1. Identify, please: which residue in region 130-173 is at pLDDT 90 or above and of a type in the set (Asp, Glu) and is, among those, surrounded by the fewest Cβ atoms within 10 Å (Cβ to Cβ)?
2. Among all residue pairs at least 6 apart or on different chains, which show Cβ distances below 7 Å where the first residue, located in region 135-150, is more than 11 Å from GLY124 (Cβ to Cβ) and the second is surrounded by 11 or more Cβ atoms within 10 Å (Cβ to Cβ) and of a type in the set (Lys, Arg)?
3. Of all the residues that make up region 26-63, how many are under 15 Å from HIS182 (Cα atoms) and either touching a His at 6+ places or on another chain (Cβ under 7 Å) or of a type in the set (Phe, Trp, Tyr) (or both)?
4. Considering only region 148-182, state which residues are assigned to a loop (DSSP other than H, G, I, E, B) and touching an Asp or Glu at 6+ places or on another chain (Cβ under 9 Å).
5. Scan region 41-55 and give yes if some residue there is surrounded by 16 or more Cβ atoms within 10 Å (Cβ to Cβ), at pLDDT 90 or above and part of a helix (DSSP H, G or I), otherwise no.
6. Within region 132-179, which residues are β-branched (Val, Ile, Thr) and touching a Leu at 6+ places or on another chain (Cβ under 9 Å)?
7. Look at region 1-30 and say how many of its residues are under 17 Å from GLN70 (Cα atoms), polar (S, T, N, Q) and free of Cβ contacts under 8 Å to residues at least 40 places away in the same chain.
Amino acid sequence: MIEYAGRMGHVWFAGEAANWDLAQYQLTEMREIQEVGETTRPARAAALKSFESSFLDPLEDQIKAKDKAQFESAYRSAIQGCNSCHGPVNKMPLMYAAASLQMEWCLNCHRAPEKFLRPHQVAGKPNQDQVFNMDYEQPSNAHPVVLADGKRFTDQIQLGTYLKDLNHVRSVRDITSCNTCHR
């Protein structure tokens, strides 16, 4: 995974520099690492394939399209996918899978995405994407979340519902369909 993480970082910097050939090369190498993982850890194969179709395929589409804004969005989504399984890696002396990676774990989020959605930008932190903030706290009365547009939230469900609408997250029926992950 160390090599994988390094290559993921190279994908970011290549995309930011519009070096699409390098970004594609790094992504191809990442897929090969995943293939090894699928073979050597067959119990994780389904989760790895799901990650590939859910996150790497859209990232590759944007690399091929050479669309920097969409690339950044797809990259952020892929990083969130990494973090959702690995947990708060910035606080782990040794990285481990923080979740079971069983289908039920995935469906818990897909059935109620508003419980988990985070804003990209909040007021006062224009350069810190909250999707990737390992120290992010869900909104509460003690720690309200104020979005860049000034909207204030003290409840995760209200924030998540707002973000779900704002970002046009597909319906629960769509995102819990077997075809969403198992293509």
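The values are calculated or read from the model by the stated rules, or taken from the named source; none is laboratory data. Here the structure is a predicted model, which is why all the values come from computation and not from measurement. Quick reminder, even Gly has a Cβ in these numbers, built from the backbone with ideal geometry, and neighbours come from all protein chains shown.
1. ASP165
2. Close Cβ pairs (under 7 Å, with a partner that is surrounded by 11 or more Cβ atoms within 10 Å (Cβ to Cβ) and of a type in the set (Lys, Arg)) amount to TYR136/ARG118; PRO144/ARG152.
3. Residues meeting the conditions: 2.
4. Correct list: VAL169 only.
5. Yes, there is a match, as at least one residue in region 41-55 is surrounded by 16 or more Cβ atoms within 10 Å (Cβ to Cβ), at pLDDT 90 or above and part of a helix (DSSP H, G or I).
6. Within region 132-179, VAL145, THR161, VAL169, THR176 qualify.
7. Count: 1.
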